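The values are calculated or read from the model by the stated rules, or taken from the named source; none is laboratory data. Bear in mind the structure is a predicted one, so any value in this text is a computation, not a measurement. When we count neighbours, we look across all protein chains shown, and the Cβ atoms used for this are built from the backbone with ideal geometry, even at glycine.
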């Protein structure tokens, strides 16, 4: 019976792949989802897979990361702490990297400081550590309030972040520069997101600069839900704000991280733990014109009994940075690969 179930599972996966190949364009990456219930039930997220790169005859059940990753990927590796950034921190969170992974930004509150500010570090190569060039404060963004949730563009020339510098709750700001050697110009408030009585945080903008996800909650609460906004040109204001109702859980959902050119999303949610802590959750879709919808998968190789929040994901989906926060303890940045 066990052998029969193995054949049935592999056959189902191959069937999904063949169906996807029939509808895919030859020059694009396709994300596929499947929710299955066999022998007690498990979920497969067949997301972000270049199907032309998969030899169907070589598929083995052991190569499918059940309930955690995409077809052809293992689950994320056991995460390790990112060291060498700032020695005397009480809280590090919200990491974001440029596409070459040589420039890192994150939010930090050092010992004795009441506010979070944005810090940065650089390195000479992708496999180098950060301790050779300890992080420095991005003075251009500093106010007497908080600056957090940075989101740097792939080319390192545009920065979005959240700040409560108006004294009326968090709103999203952005800054643009012409070269990576240039200092950041003064950040300006993002227009077109609405919600004048709400906290707006967690911006994640796709490489085209035309699609954004973020989270929002009534001011003074953490009842976050996920939203998207879009525009037709990077030079115009944002608009078309929509709740991501297909994946909002009814509990708090926050800190979205777009990747694979808006086909996939990882975020933090209180739903998997029934409100006890934050866990990382992933979803994919076939096309960027289709709304995100269930099934969702929890990233079990990353989640623990404490909170995992503020993910950043490389565009190919294989590298993730996030913050792990135990109750009463400072946030620590971790990373993992798949």
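Condition test on residue 267, is it assigned by TED's automatic domain parsing to the domain that holds residue 297, part of a loop (DSSP other than H, G, I, E, B) and surrounded by 14 or more Cβ atoms within 10 Å (Cβ to Cβ)? Here the answer is no, as residue 267 does not meet what is asked. Within the bounds of the stretch 78-85, is there any residue that is surrounded by 15 or more Cβ atoms within 10 Å (Cβ to Cβ), closer than 18 Å to residue 331 by Cα and in contact with a helix residue (DSSP H, G or I) (Cβ under 9 Å, 6 or more places away or on another chain)? Scanning the stretch 78-85 turns up no residue that is surrounded by 15 or more Cβ atoms within 10 Å (Cβ to Cβ), closer than 18 Å to residue 331 by Cα and in contact with a helix residue (DSSP H, G or I) (Cβ under 9 Å, 6 or more places away or on another chain). Those residues that are under 17 Å from the mean Cα position of the chain (by Cα) and not in a loop (DSSP other than H, G, I, E, B), I need them from the stretch 221-237; list them, please. Listed by number, the residues that qualify are 225, 226, 227, 228, 229.
Considering only the stretch 207-234, how many residues are in contact (Cβ under 8 Å) with a residue 60 or more places away in the chain and surrounded by 17 or more Cβ atoms within 10 Å (Cβ to Cβ)?
So the first thing to find is which residues in the stretch 207-234 are in contact (Cβ under 8 Å) with a residue 60 or more places away in the chain, and the list is 207, 211.
Then drop every residue that is not surrounded by 17 or more Cβ atoms within 10 Å (Cβ to Cβ), which leaves 211.
Of the residues in that region, 1 qualify.
Answer yes if at least one residue in the stretch 309-325 is without any contact (Cβ under 8 Å) to a residue 60 or more places away in the chain, buried (at least 22 other Cβ atoms within 10 Å of the Cβ) and under 12 Å from the mean Cα position of the chain (by Cα), and no otherwise. Yes - at least one qualifying residue is present in the stretch 309-325. Inspect the stretch 283-306 for any residue being within 15 Å of the chain's Cα centre (by Cα) and under 20 Å from residue 162 (Cβ atoms) and give the result as yes or no. Among the residues of the stretch 283-306, not one is within 15 Å of the chain's Cα centre (by Cα) and under 20 Å from residue 162 (Cβ atoms), which makes the answer no.
Here residue 240 clears all of (1) more than 19 Å from residue 150 (Cβ to Cβ); (2) in a strand (DSSP E or B); (3) at pLDDT below 95 except the condition numbered (3). Kindly establish whether residue 281 is outside any loop (DSSP other than H, G, I, E, B), surrounded by fewer than 18 Cβ atoms within 10 Å (Cβ to Cβ) and modelled with pLDDT of 95 or more. Taking the combined requirement at face value, the residue does not satisfy it.
Could you tell me how many of the residues in the stretch 280-296 are farther than 17 Å from residue 214 by Cα, touching a residue at least 24 places away in the same chain (Cβ under 8 Å) and out of contact with any helix residue (DSSP H, G or I) (no Cβ under 9 Å at 6 or more places or on another chain)? Full working, then the answer.
To start, the set of residues in the stretch 280-296 that are farther than 17 Å from residue 214 by Cα comprises 285-287, 289-290, 294-296.
Within this subset, residues satisfying the condition of being touching a residue at least 24 places away in the same chain (Cβ under 8 Å) are 285-287, 294-296.
With the extra rule that they be out of contact with any helix residue (DSSP H, G or I) (no Cβ under 9 Å at 6 or more places or on another chain), the set shrinks to 285, 287, 294-296.
Counting residues in the stretch 280-296 that are farther than 17 Å from residue 214 by Cα, touching a residue at least 24 places away in the same chain (Cβ under 8 Å) and out of contact with any helix residue (DSSP H, G or I) (no Cβ under 9 Å at 6 or more places or on another chain) gives 5.
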